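The values are calculated or read from the model by the stated rules, or taken from the named source; none is laboratory data. Just so we're clear, the structure is a prediction, and the values are computed from it rather than from any experiment. Cβ: placed from backbone, ideal geometry, glycine included. Neighbour counts: every protein chain shown.
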Amino acid sequence: MEKKTAEELAALETTRQTFSKGLTPEQVAAKYDDWSSNYEEMLSNNRYRAPHIAVDEIANLVPEDQRKNIRVMDVAAGTGLVGIKLREIGFKNIDALEPSEGMIQLLKDTGVYNLKYQEFLGHGKNTVPADTYDLVVIAGGMGHSHIPVSGVDDLVRVAKPGGLIVIVMRLEFLTAVEEYRDKLEPYLDQLEQRGVWHKESRKIVPNYFFEKEGIVFSYRVK
């Protein structure tokens, strides 16, 4: 493994602190507030590829001629990289959910997003209307102290019947995060067994975050 540069080490350390165990949702949002000023710069140069991975998956699932009519919810939207890339490939109607005030300001600056919900997911206080979105995507919002397993129910709730849900996360978090270990993927499978949605695909991808692998779950709501 090549020796990391000072910039790479800083990116790793800031990410580690932001994904620390035992943080409250408010503490996590505050960390993203602090990080918002140099988030994209710190995670550039393919250090963090979740937005690219998510958009590639969506491009494979949604035909080009349908994209302008698709209503999208970008969950944990951050600086808006997913929305920007979706706009580039033909999506026009994109909303965002993002709890960090600092990130919300950056989302506004992109000019890509229509509605912007500054709130958390999976804590029983979500105000996004049910059965609203043809596509719900979350790229990078899962991890220690981040979106709980209960947040999956919110993803399903806001999706229309027949809508797509795409979840992109670090593979190791399925077992390394106590909240998810033996809980998250089994719950995703339970929802399929109950007829809530159908699994379109489950893919392991390389270089999600530095050399760490990622995983992409894609579902169609019934």
Quiz item: Which condition number in (1) crowded, with 19+ Cβ neighbours inside 10 Å; (2) under 19 Å from Glu200 (Cα atoms) is the one that Lys160 fails?
Solution: (1)
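Go through the range 50-72 and give me each residue that's β-branched (Val, Ile, Thr), closer than 11 Å to Leu164 by Cβ and in a helix (DSSP H, G or I).
Of all residues in the range 50-72, those β-branched (Val, Ile, Thr) come to 53, 55, 58, 62, 70, 72.
Adding the requirement that they be closer than 11 Å to Leu164 by Cβ leaves 58, 62, 70, 72.
Passing the criteria: only Ile58.
Each row is one residue, and each column tells you yes or no for (1) more than 18 Å from Val177 (Cβ to Cβ); (2) out of contact with any Ser or Thr (no Cβ under 9 Å at 6 or more places or on another chain).
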{"residue": "Ser20", "(1), (2)": "no, no"}
{"residue": "Thr24", "(1), (2)": "no, no"}
{"residue": "Gln27", "(1), (2)": "no, no"}
{"residue": "Ser36", "(1), (2)": "yes, no"}
{"residue": "Asn46", "(1), (2)": "yes, yes"}
{"residue": "Asp56", "(1), (2)": "yes, yes"}
{"residue": "Val62", "(1), (2)": "yes, yes"}
{"residue": "Asn69", "(1), (2)": "yes, yes"}
{"residue": "Asp74", "(1), (2)": "yes, yes"}
Quiz prompt | Pair list, Cβ < 7 Å and 6+ apart or interchain, from the range 179-201 residues that are within 10 Å of Lys222 (Cβ to Cβ) and modelled with pLDDT of 95 or more to residues that are in a loop (DSSP other than H, G, I, E, B) and hydroxyl-bearing (Ser, Thr, Tyr) | solution = none
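Restricting attention to the range 73-90, and to residues there that are part of a helix (DSSP H, G or I) and among the charged types (D, E, K, R), which single residue is farthest from Met142 (Cα to Cα)?
Result: Glu88.
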Self-check item: Cβ pairs under 7 Å, 6+ apart, first in the range 108-131 and more than 18 Å from Gly83 (Cα to Cα) and hydroxyl-bearing (Ser, Thr, Tyr), second at pLDDT 95 or above and not in a loop (DSSP other than H, G, I, E, B)
Solution: Thr127/Tyr117
Exercise. Check off (1) modelled with pLDDT of 95 or more; (2) of a type outside the set (A, V, I, L, M); (3) loosely packed, with under 14 Cβ neighbours inside 10 Å; (4) touching a strand residue (DSSP E or B) at 6+ places or on another chain (Cβ under 8 Å) for Asn46 and give me the number that stays unchecked.
Key: (1)
